[in-house]
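First comes the structure, then the notes that go with it.
Read-outs: derived from the displayed coordinates by stated rules, not from any lab. On a predicted model such as this, the values are computed, not experimentally measured, just so you know. All Cβ positions, even for glycine, are placed from backbone atoms using ideal geometry, and neighbour counts span all protein chains on display.
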Amino acid sequence: LLGVNGAGKTTTMRMITGDTDVTKGDVLVGGASVQAQRDAARRRLGYCPQFD
């Protein structure tokens, strides 16, 4: 995921992982809604953020 500073990359990843609420629309991971089926969506996702 590439983009300039402030483009929303971190926010997008937080919505995909369910750490931030989606304000419009829905995020699907493997066909599972992050909002309605959070556990099912997380079982289909691997995420390793970088910390400095």
Taking the Cα centre of the chain as the origin and placing charges on Cβ (Lys, Arg +1; Asp, Glu -1), which of Gly31, Ala41, Gly18 is farthest toward the positive end of the dipole? Gly31
Explain nothing, just the number: relative contact order of the chain, from Cα pairs under 8 Å at least 6 residues apart, as a whole percent. 23 percent
Cα centre as origin, Lys/Arg/Asp/Glu Cβ charges: the chain dipole, Debye: 120 debye
With percent of Cα pairs over 17 Å apart defined as stated, name the option among [x] 62; [y] 24; [z] 37 computed from the structure displayed. [z]
Inter-probe distance in nm under a simple model that places probes 7 Å from Cα toward Cβ, at Tyr47 and Lys9: 1.6 nm
Rounded to one decimal in nm, the spacing of the 7 Å Cα→Cβ label points at Asp19 and Ala40 is 2.5 nm
Obtain the nm distance between the two label points defined at Val27 and Leu1 by a simple spin-label model: each point lies 7 Å from its Cα along the Cα-to-C-beta direction. 0.6 nm
